[in-house]
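Enquirer: Here it is, the structure in full.
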Amino acid sequence: MTRFVTKTAVAVCLALPVLAPAAASAQTGQGVDEKTGPVSFANIASVRLGADAQHGGALITETQRSPLTPGQSKLGADRVSVPKNDGERATLGPNYEIDLGPYNAGQSPYPAGIASRSHNVVAALQATDVPTAVAETNYALRDNARGGANPIDKTVLVLEGARSAVDCTAPKKLSGTTDVARLWVRGQDDALSQVAMPAGTAALRVSNLRLGAPGAVPQADHATTLSDIEVSRVSTFDQLIKQDGWRGGDVTAVAGWRVEVTTHVRNAANAQLQDVSTTMVLGGVSCSIPKNFVALASGGTSGGATVNQPSVPTEVPAGYLGSAAAAPRSDPRVPIGIGLLGGGLVFGALAIWLGRRRVARSRGE
């Protein structure tokens, strides 16, 4: 197993005097402060299309946020893939699909021997007011443009036993771990083979893979189009794909897998049309606490539900985030509505930005 421990990832925030509380104001006997108190987030998979947020878009799946009193928020079992429905497919494009663990008999997108499994994606506030989060499952990235009779024929990348977890016990005792049992890549020989994931902060880079773009590109030929893949561990808060409601704190720990795909789109004459950038974060998690945070004694008096039950609804399942005005005129975006789950007090959301990438074209000069 490959294991990576991220030492404290710290974000120092400026605050107005009234928002520079003593420990008691961020932690009360009735729960933690929604805006400044301990908090954690967990997301199973999200995708950014394009090299930057302004000229691209993002598909951010349901994000779990820890409750304000001890308890947990867990991703529902109905999320088995990205995209999940036609709306998400319209955002991501027709080609890419990310499997998230479960599969039907005879329809496995994973190498032989990897069983169907349920994912475990949880953001929790412990009885001590310590925020924690975990995301664990098997991931498979498929390129549906490849064709083939079986799902495995379209699989180009597999992370078996992927697990990311964070724990914010104290300002000087934060941890973030990113593990994987085995990793497969469909290499230049077009065979899905197991590869070693480098340890620590090093990235795995594989070039010239038979992998196309997530969406349709005019005149593109899948037979001549190649992609480069880089797999690395999330090491900073900014590397997470998140909406504005996913906040940090005075000190923040992060973990997760980051997959960057650069697709060199070519036509049937093997002339380069454009490069397409796609970034995925698999199992992105974070936890944050105030700089003066002190955990309660075990079995403390913060009150509320047990750690096995959420004390409030902690998920916003759908929404539109971002300004359409920020996109160029040739980059239209379509809002698809926003909904809150039972008046929940959280900001975790599925945020969808629709957009085409503006990429300078090269004619292979």
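Only the coordinates and a few stated rules stand behind these numbers; no lab work does. Since the model is a prediction, treat every value here as computed from it, not as a measurement. Cβ: placed from backbone, ideal geometry, glycine included. Neighbour counts: every protein chain shown.
Enquirer: Please provide three numbers in whole Å: the alpha-carbon extents of region 150-227 along the principal axes, with the largest listed first.
Expert: The Cα atoms of region 150-227 stretch 55, 27, 25 Å along the principal axes, largest first.
Enquirer: While we're here: Which net charge results when you count Lys and Arg as +1 and Asp and Glu as -1 among the other residues whose beta-carbon is under 15 Å from that of ALA145?
Expert: On the way: positive: ARG89, ARG142, ARG146, LYS154, ARG186, ARG210, ARG266; negative: GLU97, ASP143, ASP153, ASP190, ASP221.
Value of the local net charge: +2.
Enquirer: Please list, ordered by chain and number, the residues whose modelled amide H lies under 5 Å from the amide H of ALA170; skip anything fewer than 5 residues away on the same chain.
Expert: Close amide H contacts, sequence-distant or interchain: none at all.
Enquirer: LEU204 to ALA297: FRET efficiency via 1/(1 + (r/R0)^6), r the Cβ-Cβ distance, R0 35 Å, to the nearest 0.05?
Expert: Working: r = 43 Å, r/R0 = 1.23.
The value I calculate is 0.20.
Enquirer: Give the dimensionless ratio obtained when the Cα radius of gyration of region 199-240 is divided by 2.2 N^0.38 Å. Before the final figure, lay out the partial values.
Expert: Working: Rg = 14.2 Å, N = 42, 2.2 N^0.38 = 9.1 Å.
Normalised Cα radius of gyration, region 199-240: 1.56.
Enquirer: Can you order the peptides 136-142, 274-280 by their average number of other Cβ atoms within 10 Å per residue, highest first?
Expert: Values: 136-142: 24.4, 274-280: 21.3.
Put in order of decreasing packing, that is 136-142, 274-280.
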